[in-house]
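Participant: Dropping a structure here in structure tokens format, bear with me for questions.
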Amino acid sequence: MKKVISILAVLMISFTASAQEKQTVKETVKQDAKAVGNTAKKGAQATKKGVQKGAKWTGETAKKGAKATEKGVKQGAQWTEKTAKKGAKAVEKTYQDVKTDIKK
């Protein structure tokens, strides 16, 4: 009888220890939910950094574009001025030639 009780005691201790080692479904769900939450936080932080870098890049590119546009407008204005002066000289010369022809 003592042997039977001893064997039953050993079996109960084994079952108890085995049951404690296994996680319950509730604990597993909690751990999974925590892992998902942590991953979501990391993803949000990465997205935030990406958006900040994108905004910075856009700002820098816009500044470069504005400078390029300003330079282009200045060059266009200078070209227009030179062309207008040449055109005015050509018109003046033609006017003088016509004026001379009329006097003849």
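The values are calculated or read from the model by the stated rules, or taken from the named source; none is laboratory data. Remember, it's a predicted structure, so these values are computed and weren't measured experimentally. Glycine also receives a Cβ, built like all others from the backbone with ideal geometry; neighbour counts cover every protein chain displayed.
To keep it simple, each residue is scored yes or no on (1) in a helix (DSSP H, G or I); (2) within 18 Å of the chain's Cα centre (by Cα); (3) hydroxyl-bearing (S, T, Y).
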position	(1), (2), (3)
A35	yes, no, no
N38	yes, no, no
T47	yes, yes, yes
G54	yes, yes, no
G59	yes, yes, no
G72	yes, no, no
Q78	yes, no, no
A88	yes, no, no
Y95	yes, no, yes
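Participant: State whether the residues of segment 1-24 include one that is surrounded by 10 or more Cβ atoms within 10 Å (Cβ to Cβ) and either at pLDDT 85 or above or of a type in the set (D, E) (or both).
Facilitator: Taking every residue of segment 1-24 in turn, none turns out to be surrounded by 10 or more Cβ atoms within 10 Å (Cβ to Cβ) and either at pLDDT 85 or above or of a type in the set (D, E) (or both).
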